[in-house]
Amino acid sequence: MTSISNIFQNPFTVMKVLCISILILLFITGMLFLYNYVKKQTNEGFAIIDSSIQLQHAINTTNTLITAKLASNKINTTNTITPMQLINLQVPAFKQMAYIGNHTFDSNQGVLQQLKAGCRFFTCQIDYIESASLDQTKFCKLYEPCLVWRDNAGKLISNNSANLQDTFKSIGEYGFMNAVSNYQYPIVILLHFVRFPYKTTDSDYKEYLSKVSRSLEVLNPYLLSGGYYRASKENDLFKGDFLSLGNKVIIGTNIDTTLFQKNPVELPNDLDYKIHFHYYEDINEDVDSTAILIPNTSTTRENALIYNIDTLLQLNDKEISKFIQIHKDQFIIVKPSNDTHPSKDEVDILLNTLNVNIILYDYFSVDVNTSKDIISLYGNTTYKTKSQQ
């Protein structure tokens, strides 16, 4: 029998050449397998460490914000006639639901820590992925609605994604238990669609929205009912006694969902049915996939608008006065870009000069002292209210 050493000795026969080729192929295959295995284990090891460190940072931030009385059960009723109206409330809000910072999501702990910190307003920046090269154990399926993180240029920089149903499930599990702060108050979820994989005229577009609707089914026991579905009582929602609604989940969105009224589907698939209010962008604004506010097309006045932060911070004194006057009876949401963290002075201007209601802020991505400084602008209370100007 020919030994392996003899294979590499003269004379070289066809059989020897074939054996050598097979051995080389096996060696290369083995090296590639070993390289990929080591790379995968290394990457996963770093991901676990980074995730653990970032989660601990989120927990530390939460504890600091609680100490700073973000989670106080008192309400500041100074300088307002009807402090319980949503239209007058100024509340802390996280930029992205389930996000714990450092490009990392945690549908369970991310939601829990945001709730413990006293947050009752949550933004779901709904997006999708289109790259098949991503690790499918960490990311959602291609073209599925989910939560991811992109930089200011729109490049995907997430370590993972968050599943919508898992995230909403955590809201239902933790949102109204007395172990979290402000558990007696309503929860507001903004379904903020960043972009779509389909055109609004495509048949897949409606199914994409239905997937979001089905993910919300886990919250059915908590969704605000009593005629509020399909935004039928949006005015009452903003102008009525908001905090008295109690342990209910309220859904807002930045897109037009009326296509479900024109072409009805079963209720689990009907996103429009679950919507309690809509918010819009000004005709001169461009905030992701938000529906544009068209002036003078309706006798009713829109209750809520969203602006990019730069638009408002660049206003001059005359423009500020005009903005305050025009929007004094509207709910204003301010969205910074993902990698932008407004300074304390900028947040102060937005809250106390421009009288906006919500500034989306990434409290878990900055140092603890910065988060504490921003929260201090809301005072020692759960909800701040607009000053009368």
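The values are calculated or read from the model by the stated rules, or taken from the named source; none is laboratory data. Keep in mind the model is a prediction, meaning the values are calculated, not measured. With ideal geometry, Cβ positions are generated from the backbone for all residues, glycine too; neighbour counts draw on all protein chains shown.
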Give me the pairs: first residue in the stretch 258-279 and over 13 Å from L209 (Cβ atoms) and free of Cβ contacts under 8 Å to residues at least 12 places away in the same chain, second residue of a type in the set (S, T, Y) and surrounded by 13 or more Cβ atoms within 10 Å (Cβ to Cβ), beta-carbon distance under 9 Å, and six or more apart or on different chains, which are they?
L267/S213; L267/Y273
Which condition number does V212 fail, the rest of (1) crowded, with 20+ Cβ neighbours inside 10 Å; (2) β-branched (V, I, T); (3) within 22 Å of S365 (Cβ to Cβ) being met?
(3)
Residue list for the stretch 259-284, restricted to those being part of a loop (DSSP other than H, G, I, E, B), closer than 22 Å to G154 by Cα and at pLDDT 95 or above
none
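Can you confirm whether E281 is under 20 Å from M84 (Cα atoms) and either crowded, with 18+ Cβ neighbours inside 10 Å or touching a helix residue (DSSP H, G or I) at 6+ places or on another chain (Cβ under 6 Å) (or both)? Explain how you work it out, then say what you get.
Details: under 20 Å from M84 (Cα atoms): no; either crowded, with 18+ Cβ neighbours inside 10 Å or touching a helix residue (DSSP H, G or I) at 6+ places or on another chain (Cβ under 6 Å) (or both): yes.
So E281 fails the test.
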Cross-chain or 6+ apart pairs with Cβ under 9 Å, the stretch 168-179 first and more than 13 Å from V249 (Cα to Cα), then polar (S, T, N, Q)
N178/Q184
A careful count of residues in the stretch 218-238 that are buried (at least 16 other Cβ atoms within 10 Å of the Cβ) and in a helix (DSSP H, G or I) gives 8
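Could you tell me which of the residues G252, G246 is under 26 Å from I359 (Cα atoms), buried (at least 18 other Cβ atoms within 10 Å of the Cβ), out of contact with any Pro (no Cβ under 6 Å at 6 or more places or on another chain) and of a type in the set (G, A, S)? Working first, answer last.
On the way: G246 fails: buried (at least 18 other Cβ atoms within 10 Å of the Cβ).
Checking each option against the conditions leaves just G252.
Filter the stretch 353-377 for residues that are among the acidic types (D, E) and in contact (Cβ under 8 Å) with a residue 12 or more places away in the chain; which is nearest to L190 (Cα to Cα)? It would help to see each step written out before you state the result.
Within the stretch 353-377, the subset among the acidic types (D, E) is 362, 367, 373.
Among the residues that remain, those that are also in contact (Cβ under 8 Å) with a residue 12 or more places away in the chain are: 362, 373.
Details: D362: 15, D373: 25 Å.
Across the stretch 353-377, the extreme among qualifying residues is D362.
D288 - would you say it is surrounded by 11 or more Cβ atoms within 10 Å (Cβ to Cβ) and within 21 Å of the chain's Cα centre (by Cα)? Lay out the reasoning, then the answer.
Values: surrounded by 11 or more Cβ atoms within 10 Å (Cβ to Cβ): yes; within 21 Å of the chain's Cα centre (by Cα): yes.
It is true that D288 is surrounded by 11 or more Cβ atoms within 10 Å (Cβ to Cβ) and within 21 Å of the chain's Cα centre (by Cα).
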Mind counting the residues in the stretch 152-180 that are assigned to a loop (DSSP other than H, G, I, E, B) and under 14 Å from the mean Cα position of the chain (by Cα)?
4
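Of the residues V111, V188, which single one is in contact with a strand residue (DSSP E or B) (Cβ under 9 Å, 6 or more places away or on another chain) and part of a helix (DSSP H, G or I)? Talk me through it step by step, then tell me what you get.
Details: V188 fails: part of a helix (DSSP H, G or I).
One residue alone meets the criteria, V111.
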